[in-house]
Amino acid sequence: MSRRIALKALPVLVCASLLSVAGSSIAAAGVRAHSAAGTKVTVKASEYKFVLSSTSVSKPGTVTFSVKNVGHIQHDFKIDGKKTALLSPGKSATLTVKFTKAGSYPYMCTVSGHAALGMKGTFKVK
């Protein structure tokens, strides 16, 4: 009798196992897609400051900085050895940086004198 019950339960167990494996694969794919997309940070540049939507991320990874010059003169944005082109007023650019380790990363405008006037800061990777 118990063998007959075990045979009847077999299809249910197989289906449950397959659903469990499929669910794990789908969940893992979702995590990979989120990680691959990285973090997006908006940056508004004006005279003489940057306003970032976030000044830190919780772990190392890829960060895309969307920089818009909302000021009246040209600015750029430099961080971790990468920088945007010089942006005229109203223009935008994106800068993607892969942070491989935790730390503090200075950012600045490289136009002469702008950093000294306040166009600088620190982005933290936790």
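Quick notes on this structure:
- Ranked packing of 111-123, 69-81, most packed first, by mean Cβ within 10 Å: 69-81, 111-123
- Between the residues Gly90, Ala115, Val125, the greatest Cα displacement towards the positive end of the dipole of region 61-126, with unit charges on the Cβ of Lys, Arg, Asp and Glu, is found for Val125.
- Simple spin-label estimate for Lys124 and Lys91 gives 3.4 nm between the two label positions (7 Å along the Cα-to-Cβ direction from each Cα).
- A Förster radius of 41 Å, combined with the Cβ-Cβ distance separating Ser112 from Ser53, puts the computed FRET efficiency at roughly 0.90.
- Here region 41-98 is assigned +1 on the Cβ of each Lys and Arg and -1 on the Cβ of each Asp and Glu. Its dipole about the Cα centre then comes out at about 120 debye.
- Considering only region 38-125, percent of DSSP beta bridges that pair antiparallel, nearest 5: 70 percent
Every number here is computed from the coordinates shown, using simple stated rules; none is lab data. All values reported here derive from a predicted model rather than from experimental measurement. Please note: Cβ atoms are built from the backbone with ideal geometry, for glycine as well, and neighbour counts cover all protein chains shown.
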